Structure formats: structure tokens, C-alpha cells
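This report concerns only the one structure given below.
Every read-out reported here was derived from the displayed coordinates using simple, explicitly stated rules and does not represent laboratory data. Just so it is clear, the structure is predicted and the values come from calculations on it, not from any experiment.
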């Protein structure tokens, strides 16, 4: 099966949204920390469901 999805890029994009919201004052530091924790859990769950074929082998 071919994946057309990059979980690392997804995480980076989601994290950028949180950081922008913080910079713009839409979220305070506590809210950002809580959302980052939730985001990391979502990322970990997502990666655990993938079979790993999207990763390049280490040289």
C-alpha cells in the first residue's frame, strides 16, 4: 500500500498553527502547552497505526 501522507509534516504544520496562535495572542502559554501535549499524543497514535513503509531505510 502506498501512503500519500507524511505524519512528520502534518505534525510540523499543526505545531506551526499553535505557535502562530500564541504569537497572535489567541492562546496563552498554558493553552499552548496543553494543545502541544494533545498534538503529540495524536501524532504518536497516528504513527503507531502506520506500518512504517513510508520511512526510508537507514544507510
Compute the acute angle (0 to 90°) between the alpha-carbon long axis of helix 7-23 and the principal axis of greatest extent of the alpha-carbon atoms of the chain; round to the nearest 10°.
10
What is the angle, in °, between the Cα long axis of helix 29-49 and the longest principal axis of the Cα atoms in the chain? Nearest 10 is fine, range 0 to 90.
10
As a check on your grasp of the helix formula, calculate [θ] at 222 nm for the chain: sum -39500 (n - 2.57) over DSSP H runs of n ≥ 4, divide by the residue count, round to the nearest 500.
-22000 deg cm²/dmol
Mind running the shape call on the chain? Use the C-alpha gyration tensor, a ≥ b ≥ c as the square roots of the eigenvalues: rounded below 1.5 for a/c, prolate if a/b tops b/c, oblate otherwise.
prolate
